[in-house]
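Take a look at the structure set out below.
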Ligand code: UD1
């Protein structure tokens, strides 16, 4: 098992280039199953999650060629040989369930295993299945799995109980080959939904309204292979913005899309960070003003992203004053609080949804865990400004979702290395 060793560094300085978006990439890869044509995807980030999706597509019958020298993937699903998202892959990566919509649309059948025999109504995929049912699929609950089966999908009007990103994507992918028109109301509005819709429209789909809460999809008979460049990763962008702030540094973030990180820009500015739009991205300066507390509340896009909550909280532990953080999108997304407390942060939580953070003079290096992908990034950033050495274990979470994570930080002046952890006797 590998871990990161981080020693306190001074302010980070320099330039960094943002990679392609993980969360745009994964649904787009799944969408390639909708055609027997060849798709070429460019600006692909090299990540564990992308590897898992490559394996998933191969299991289903697609030919996947990786050309990482050019950040490109070629995917051709001439034939579908399996209609199931295997448990081994679904349990590794929740986004594996994004193959269900395309499988159902292309073959009339899609099966997903359910851990511990949970019922159809259980939270993780209930909105996805409700959408498939509205399109006319029969939902069959078997022993440890759920299957959606349809001779033909028929366009429908449906309202999502919550603007789930994955459910919007899955239903959109199923509806593009349905007969007639589908309208998804209370749809998720994330930039990744727009990128997926652009990809599908290039393939020949007819989707309007992606990026708003109402998406209209006119079904078509067939889709074609296409070439597509994936959008830059807005959460990686936000991570480097916060890195400039927490280290009181000065970072030029290239290939950033300012429109995609508006709430992060607004909140950092409230704290005193100076942010300027440049030709090719954003200049973020934490070295101009004394930095102070603010409050954040996570919400579906265009609200403050839940994926930035832990990272922003790490920063708030270092500013003057008291900040409040409210998490509304996920339950139990405060695992990083205990890790930050190990480093000397002062945080009080209420019902695992609210946190009150009082800035401290100095964090202290400690042995901590990357409890998930973004929580991992949060403790790494905290480690950069903590006195002494911080050891971060379980870094596979971080490597799932950040391309060349430590190389990019080292180039900005971070003192971080990856070491193999000795197995305890
Ligand atoms: C996506 C992102 C993830 C991000 C999240 C919210 C990808 C690959 N992942 O995840 O990084 O944190 O959006 O911005 O794009 N829910 C249900 N029933 C469902 C589906 C979801 O109750 O059928 C609930 C979830 O438990 C959660 C909330 O809805 O509480 C949001 O989930 P959702 O928007 O679906 O997130 P993902 O698509 O899984």
Notebook entry, point to check: In terms of the Cα gyration tensor, with a ≥ b ≥ c the square roots of its eigenvalues, is region 249-321 rounded because a/c is under 1.5, prolate because a/b exceeds b/c, or oblate?
Noted result: oblate
Next item on the list: Could you work out the Kirkwood radius for region 53-95, taking every pair of different alpha carbons, averaging 1/r and inverting it, reported in Å?
Entry: 11.2 Å
Next item on the list: Determine the calculated [θ] at 222 nm for the chain from helices alone, applying -39500 (n - 2.57) to every DSSP H run no shorter than 4 residues and normalising by the residue count; nearest 500 deg cm²/dmol.
Entry: -9500 deg cm²/dmol
Next item on the list: Within 10 Å, count the other beta carbons around each residue, average over each peptide in 185-197, 129-141, and list them highest first.
Entry: 185-197, 129-141
Note to self: Assuming 0.36 nm per residue, please report the length gained on full extension of the stretch residue 224 to residue 15 beyond their Cα-Cα distance.
What the structure shows: 71.4 nm
Check: What do you get for Rg/Rh of region 172-226 when both radii come from the Cα atoms and Rh is the Kirkwood radius?
Finding: 0.94
Item checked: Mean-position separation - Cα centroids, region 236-312 and region 357-425, in angstrom -> 19 Å
Note to self: Compute for region 204-250: radius of gyration divided by Kirkwood radius, i.e. Rg/Rh, restricted to C-alpha atoms, rounded to two decimals.
What the structure shows: 1.27
Check: Where a ≥ b ≥ c are the square roots of the eigenvalues of the C-alpha gyration tensor, would you call region 293-425 rounded, which needs a/c under 1.5, or, failing that, prolate if a/b is larger than b/c, or oblate?
Finding: prolate
Notebook entry, point to check: Using a Gaussian network for the chain with springs between C-alpha atoms less than 10 Å apart, which of these wobbles most: 333, 48, 404?
Noted result: 404
Next item on the list: Starting from the Cα coordinates of region 1-48, work out the convex hull volume and express it per residue in Å³.
Entry: 119 Å³
Item checked: Spherically averaged projected area in nm², based on the convex hull that wraps the Cα atoms of region 71-117 -> 4.3 nm²
Notebook entry, point to check: Given springs between every Cα pair under 10 Å in a Gaussian network model of the chain, which of 198, 83, 70 has the largest fluctuation?
Noted result: 70
Check: Which of rounded, prolate, oblate describes region 38-157, given a ≥ b ≥ c as roots of the alpha-carbon gyration tensor eigenvalues and a/c under 1.5 marking rounded, otherwise prolate only if a/b is larger than b/c?
Finding: prolate
Notebook entry, point to check: In a Debye calculation with equal point scatterers on the alpha-carbon sites of the chain and no solvent, what is log10 I(q)/I(0) at q = 0.12 Å⁻¹?
Noted result: -0.98
Note to self: Counting other beta carbons within 10 Å of each residue's own, what order do 240, 162, 315 fall into, fewest first?
What the structure shows: 162, 240, 315
Checklist line | Highest-first arrangement of 18-31, 243-256, 297-310, where packing means the average Cβ count within 10 Å | finding: 18-31, 243-256, 297-310
Margin query: Can you tell me what percent of all Cα-Cα pairs in region 149-245 are more than 23 Å apart?
Written below: 30 percent
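Beta carbons within 10 angstrom, averaged per residue: use that to sort the peptides 98-108, 144-154, highest first.
98-108, 144-154
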Note to self: Given a Förster distance of 56 Å, report the FRET efficiency between residue 138 and residue 418 from their Cβ-Cβ distance, rounded to the nearest 0.05.
What the structure shows: 0.70
Item checked: Fully extended contour minus Cα-Cα distance, from residue 326 to residue 360, at 0.36 nm per residue -> 10.2 nm
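Using only alpha carbon positions, build the gyration tensor of region 185-297, then give the equivalent ellipsoid semi-axes as the square roots of 5 times its eigenvalues, largest first, whole angstrom.
For region 185-297, the semi-axes come out at 36, 16, 8 Å.
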Next item on the list: Report the relative contact order of region 16-63, percent, no decimals, based on alpha-carbon pairs under 8 angstrom and at least 6 residues apart.
Entry: 48 percent
Checklist line | Bridge type composition, the chain - antiparallel percent by DSSP, nearest 5 | finding: 70 percent
Margin query: Which one, 221, 179, 399, has the greatest fluctuation when you compute a Gaussian network model over the chain with C-alpha springs under 10 angstrom?
Written below: 221
Notebook entry, point to check: What FRET efficiency do you get for residue 346 and residue 186 if R0 is 41 Å and r is their Cβ-Cβ distance, rounded to the nearest 0.05?
Noted result: 0.60
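Where a number appears in this text, it was derived from the coordinates with a stated rule and is not lab data. As the structure is a computational prediction, the values presented were derived from the model and not from experiment. Cβ atoms come from the backbone with ideal geometry, glycine included; neighbour counts cover every protein chain shown.
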